[in-house]
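Everything below concerns the one structure shown next.
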Amino acid sequence: MLLALIVTANAQNAAFDLIGPKVEVRVQRLGVTLPIAQVPALLAGDRLWVHPDLPDSQSVRYLMVVVFLRGATNPPPDTWFTRVETWSKAVRDEGVFVVVPEEAEEALVFLAPETGGAFSTLRTAIRGKPGAFVRAAQDLVQASLDRARLEKYLEAVREISTSDPEQLKSRTILLARSLNIRVDQQCFDKPSAQQVPCLTQNTDQLVLDDAHSQTMVATLTSGPSTDLLAQISSTPNARSGYYSPYIGAVVDVARILSTAHTAQYQYIPALALPRQENLNLRLNNPPSFRNPKSVLVIALPPVRPSPVPPLRALDPAQLFCAGKPALLLPAEGAPLVFGTELAHDFVLHVETKSGPGIDLPAKADPMRGGFMVATQAMQAADLDGEVTGILRGVWGFHPFDGPHYRLRASRPSQWIVASRDASALIVGREDTLHLQSPDACCVSEVVLKDEQGRPLDSEWKTVKPDELEVKVALQKAAAGSVTMLVKKFGLHDPDEVPLHTYAEAGRLDSFGIHAGDSDGVLKGTRLDQVDSLEVNGLRFNPDALSRANQQDELKLAARDATASTKLHPGDAIVVRVTLKDSRVLDLKTEVEAPRPRVSILTKSVQPEDGALVRLGSADELPQEGRLNFSIKAQVPETFPPTERIEVATADESFRVLLSVKDGNLTLQDSKTVFAVLDPMKLLGPSAFGPLKFRPVTADRIEGDWQPLVNLVRIPKLTGIRCVSAPEKQCTLTGEKLFLLDSLSTDPAFVNSVTVPEGFVDDALTIPSSKAKTLYIKLRDDPTVVDIATPPGLPAQQ
């Protein structure tokens, strides 16, 4: 009952919205001094300058005690306690210097109302329960790092709503990715005036776990504190209270500090939100100056080497223009870089053909999802073609290298018009051109001018690193020569591309429609001018226009649902085509034979012998397995031995024709066919995803596509190796583990591990479990939960 009361009371008072006093801290190491906001961790021998920034009107004398700890079972010596009388003139004017001793692991600052014996009382309490204060220091550091990300998010959202409200959605999504913050997408469906309140409500539930900050803070992995945290996370207060990922740290530190309460003193945590050298303190309880008086507990960075942030490029293959004045380099994976000042002095280092290279100033911008780089110094650099830029920064006192980026210098170049667009500019309509050049990423503007120098309306975008797509409005243009001017960042003169527009007369070549179909294809030129088509009183309307083999192809669909029954094979028909200008053109043709149609009766998936993964859906086909399926002919009523079944992936990149001749099809009778598909043999190792099938006659008349199965690739799992407590982790080994989307030790995926994109290792760390099975989701079909039984049993817990 007492535990429940403590948890409830702390969860209900965990807002940390009271502003506490300021403490100024600087850290000196090897002759270099940094403000505390830029120091992720302390090391033995560091010289701390600590200055309590209390107002001159402070009526209560605060005794400040700086303490270093060395583990839960080893009380610190008396020399590790530094007494600071904040009311003395020397301290007010100059502060104090404290050196981090050898073997120290944690650092705390206490602010206690002076009672005459405060120093000895605090020292006795800390030496009596060092473990409580060690855990309190770790929890406070973790909670402070998480709160710093939250404060950055809230401040940025309010700034965006004021300065650029139209960009609220796009900027907030990038902001959330940078800071690892949860965003409710439904907020963007609300009226604009309600979006910001929605995005900033239930604030402390927005912070997601950050693996990097957790590795910076050494937390206990067993014992009463972990048990308490597990209990708290399953209570209603924790699930719907003020905090989500770091509620455990906040509530746990309050509980631990409560064990050190005496009749004279009670200990209350203070979250430190550093800005430069100021530790801005936030309290969750108002301090008391009556017995028991409140002692503020402030955590300094832990005393141990700190891992550098795991920054990574959003797309390592993306190409960027080195001449762009304000270059944005997307990055993710390190929320503390964007939410705190711990990482600083960033530059983009670019190697040149001669000399040591150049360093371009870079600044983390969470609202844009990456780093903004000032490239002015690049303009005079001796660059040739593609170069590599390395994002470099300083993590505390230590420089580190971040992600690499591909950069390309602007150079005059030749542009090649895609062969399929060689005669695509037809006057009287809008057409699209595709132009290729290695410098497409450096294009800043595209302008088209006719023979008289008049500009033509156009829109352009970069569709590939080496390709531009340009849409040109030629509705009012005349046939003749056109000049395209392609301007690039960093270059004064544009590239000139000579083009030609053509006047193409409308022409009807053919209209094809099969008996039993309700749509047909009209071929010719200038088919964008077609308004409708009529056959034997049936009206067809344009559906989709495409261009192939130097002519237009227009698909038209009948408005009458019974059209498929009114046209018969071999019927001679007259097609009347009405143009948008009211002209009518006639075309004679005949109805073609009906397209083949089949239906699937049954299907059965045969997994690979000895498979270690049991698929969770009957519609999943393992790549190493085999699919048996039975189909029945509908049109015609019998299945000709020369007819084939085509199987393909959704985008038709991989396809195969099954036939009686090749042994993939076996006639059970004149109407029913037994089909066998070996995906690895017939489609290859790179095929995956939904498969579809259709019948194809010997004359290459194709039926409609129908869904078949979902082809999935399965990694080869070779074993699990577990270690005993306290790590409580296992390692899954195997080949092609990147084919996993995620895995869990429970079917609900509560305790899951997500396999990151680009994963190339042959081992993956997973949670420990007593179960002998794993639940996995494959990257090819992450909506289905499959069951794996890799070799090896988990260690007994």
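Quick notes on this one:
- A Förster radius of 41 Å, combined with the Cβ-Cβ distance separating residue 638 from residue 544, puts the computed FRET efficiency at roughly 0.75.
- Distance from the stretch 685-734 to the stretch 126-144 (C-alpha centre basis), Å: 48 Å
- Debye intensity ratio I(q)/I(0), log10, the stretch 5-154, q values 0.18, 0.21 Å⁻¹ (C-alpha model): -1.33, -1.56
- The separation of the stretch 343-419 from the stretch 427-475, counted between C-alpha centres, amounts to 28 Å.
- Accessible surface area normalised per residue over the chain is 48 Å², counting heavy atoms of protein chains with a 1.4 Å rolling probe.
- When peptides 610-620, 294-304 are ranked by their average number of other Cβ atoms within 10 Å per residue, the highest-first order is 294-304, 610-620.
- Neighbourhood net charge (9 Å Cβ-Cβ; Lys/Arg +1, Asp/Glu -1) for residue 442: +3
- Per residue, the convex hull spanned by the alpha carbons of the stretch 623-727 comes to 134 Å³.
- Rg over Rh for the stretch 717-780 works out to 0.94, using Cα positions for both radii and the Kirkwood form for Rh.
- Along its principal axes, the chain has C-alpha extents of 112, 71, 53 angstrom, given from the largest down.
- Pairs beyond 19 Å (Cα-Cα), from 129/728; 661/692; 324/363: 129/728; 661/692
- The phi torsions of the stretch 686-694, fed into the Karplus equation with coefficients 6.51, -1.76 and 1.60 and a -60° offset, translate into couplings of 9, 6, 6, x, x, 9, 10, 9, 7 Hz, rounded to whole numbers, with Gly and Pro shown as x.
- Each part reduced to its alpha carbon centroid, the stretch 23-56 and the stretch 621-678 end up 74 Å apart.
- Listed peptides 539-545, 780-786, 171-177 by packing density, highest first (mean Cβ within 10 Å): 171-177, 780-786, 539-545
- Counting charges near residue 371 (Lys, Arg +1; Asp, Glu -1) among other residues having Cβ under 10 Å from its Cβ returns a value of +1.
- Only protein heavy atoms count here; under a 1.4 Å probe, residue 486 has an accessible surface of about 0 Å².
- Under-5 Å amide H pairs with residue 402, H placed in peptide plane, nonlocal only: 391, 392, 393
- Around residue 697: net Lys/Arg minus Asp/Glu count, Cβ-Cβ under 9 Å: 0
- Remark on residue 426: its backbone amide H falls under 5 Å from those of 502, a criterion applied only to residues 5 or more positions apart or on other chains, H modelled at 1.01 Å from N.
- The stretch 514-625 - convex hull of alpha carbons, volume per residue in Å³: 179 Å³
- Rounded to 5, percent antiparallel among DSSP beta bridges of the chain: 95 percent
- Percent accessible area from carbon and sulfur atoms, the chain, protein chains only, probe 1.4 Å: 50 percent
- Highest average first, the peptides 136-145, 629-638 ordered by how many other beta carbon atoms sit within 10 Å of their residues are 136-145, 629-638.
- Label zone (residue 697, point 7 Å along Cα-to-C-beta; backbone nitrogen cut-off 15 Å) within the stretch 515-540: 515-517.
- Proximal lysines to residue 777, defined as alpha-carbon separation beneath 20 angstrom and excluding residues fewer than eight positions away on the same chain: 716, 736
- Per-residue ellipticity at 222 nm from helix content only, as computed over the chain with -39500 (n - 2.57) for each DSSP H run of at least four residues, stands at -4500 deg cm²/dmol.
The values are calculated or read from the model by the stated rules, or taken from the named source; none is laboratory data. Predicted model, so just to flag it, every value in this text is computed and none were measured. Cβ sites come from the backbone with ideal geometry, for glycine too, and all protein chains shown count toward neighbours. Areas reflect the complete protein model, heavy atoms only, side chains present, ligands, DNA and RNA absent. Shrake-Rupley method; radii C 1.70, N 1.55, O 1.52, S 1.80 Å.
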